[in-house]
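The values are calculated or read from the model by the stated rules, or taken from the named source; none is laboratory data. Just so it is clear, the structure is predicted and the values come from calculations on it, not from any experiment. Using ideal geometry, Cβ is built from the backbone for each residue, glycine included, and neighbour counts are taken over all protein chains shown.
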Amino acid sequence: MKNKERRPGAKPFPGAKAKAGGDKRQGSAKPASAKRPDERQNHAPRRQPDLAKAKPQPQAAETGSEPARVLTVRSGDRPAERVPLILESTGAGDFHLIDSGEGQKLEQYGPYRIVRPEAQALWPRSLPAHVWEKADAVFTGDTDEDGMGRWRFPREALGETWPLALLGVDFHGRFTAFRHVGVFPEQIAHWTWMKERIEEAKRPLKVLNLFGYTGVASLVAAAAGAEVTHVDASKKAIGWARENQSLSRLDKAPIRWICEDAMKFILREERRGHRYDIILTDPPKFGRGPNGEVWQLFDHLPLMLDVCRELLAPKAVGLVLTAYSIRASFYSIHELMRETMRGKGGLVEAGELVIREAGLDGRTPGRALSTSLFSRWVPK
């Protein structure tokens, strides 16, 4: 999830403490995962109390008999830096941002115009009211990023799902009770970068997609020729992703669909010595597991990023971190990434992902809407 406030009494991940001295390790922790919300199919939208894009939420858990995996205090020079970097998307395929303002955004998703809340749209709308009033779907209710609400369909009742395409892959959009529709188009900038790196490589790259949700990024990577490992804690999300795989005619593509907590998975991969050329990670701000275990981004992200570093192949292409709706500067995750990658060389670039308004025709540039923070390590 994105916008839940920090709660007292959070239990940290086992071993989420610093240890000095090179890259030595001590066993591994076993955090558990929260479930992604329920997905309904083949009927009109309805309230879905446990369905958010809510990114799958890694959680703390008891370690059992195994020693904890501790955070390594790295030595060596920090990588070079490139800040600030603004990665801009103007849309792709069936998506573009039509207009924004007055706390809302008007988007085009395939045949539908959709209105959703957007707290960062502080400015007046550019287009007249009658354009907004022709929207096919409007999200109403709780304006909190992860608050529940319902969809209103001013023109005619719509089915719950509809076909969409981005960057050459097909998938289903879906009206959820948490305002999300199954894809986060601001990530087009990262997906385009990933697609280009895979296509220009002279070898098959291995991609790890953590918190993979509905699988669009995984399908873009597979279509470009990568071997993909997709990790998500929700069975429903994995089911949605497999459905999207079939829609994209990529049933024979080398994709591993892993329904598991992201932290638990990467700790096991580290022990096994598995390595990846590209790692995408998009963790939630807050999550709670089935036994009350807690994931807090500010408390647990350093350990997650530290483990991801160990999973990078010797000739890795990049490690991408995205963070949504947190009260922090991009410099916070930028400096964390540089500390994590000490002695690794390369370059850390960080900034914001933005979407540029494109008007009704999808080709008229307007204002840029900030959506999230990111930091990305790449080799020089």
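Here Thr340 meets the list (1) surrounded by fewer than 22 Cβ atoms within 10 Å (Cβ to Cβ); (2) in contact with a Lys or Arg (Cβ under 6 Å, 6 or more places away or on another chain) almost entirely, failing just condition (1).
Based on this model, can you work out whether Lys285 counts as more than 18 Å from Phe171 (Cα to Cα), charged (D, E, K, R) and buried (at least 22 other Cβ atoms within 10 Å of the Cβ)? So Lys285 fits the description; yes. Counted as qualifying within the range 241-352 are the strands (runs of 3 or more DSSP E) with 3 or more residues that are more than 25 Å from Gly225 (Cβ to Cβ) and not small (Gly, Ala, Ser), namely 294-296.
Screening Val207 with (1) at pLDDT 95 or above; (2) under 12 Å from Phe171 (Cβ atoms); (3) of a type outside the set (Asp, Glu) gives one miss only, at (2). If the condition is being more than 25 Å from the chain's Cα centre (by Cα), under 23 Å from Thr161 (Cβ atoms) and surrounded by fewer than 18 Cβ atoms within 10 Å (Cβ to Cβ), then the range 103-135 contributes only Lys134. Within the range 312-334, restricting attention to residues that are over 20 Å from the mean Cα position of the chain (by Cα) and of a type outside the set (Gly, Ala, Ser), which residue is nearest to Phe184 (Cα to Cα)? Only one residue tops the list, namely Lys315. Evaluate the following for Thr176: is it in contact (Cβ under 8 Å) with a residue 40 or more places away in the chain and touching a Leu at 6+ places or on another chain (Cβ under 6 Å)? So Thr176 passes the test.
The set of residues in the range 324-342 that are more than 11 Å from Val83 (Cβ to Cβ) and of a type in the set (Gly, Ala, Ser) comprises Ser325, Ala328, Ser332. Arg309 fulfils the conditions (1) at pLDDT below 95; (2) touching a helix residue (DSSP H, G or I) at 6+ places or on another chain (Cβ under 9 Å); (3) closer than 18 Å to Val207 by Cβ except for a single criterion, (1). Annotation: Lys195 fulfils all but one of (1) within 28 Å of Lys236 (Cβ to Cβ); (2) in contact with a strand residue (DSSP E or B) (Cβ under 6 Å, 6 or more places away or on another chain); the unmet one is (2). Out of all the residues in the range 239-251, which are aliphatic (A, V, I, L, M) and farther than 15 Å from Gly173 by Cα? Passing the criteria: only Leu250.
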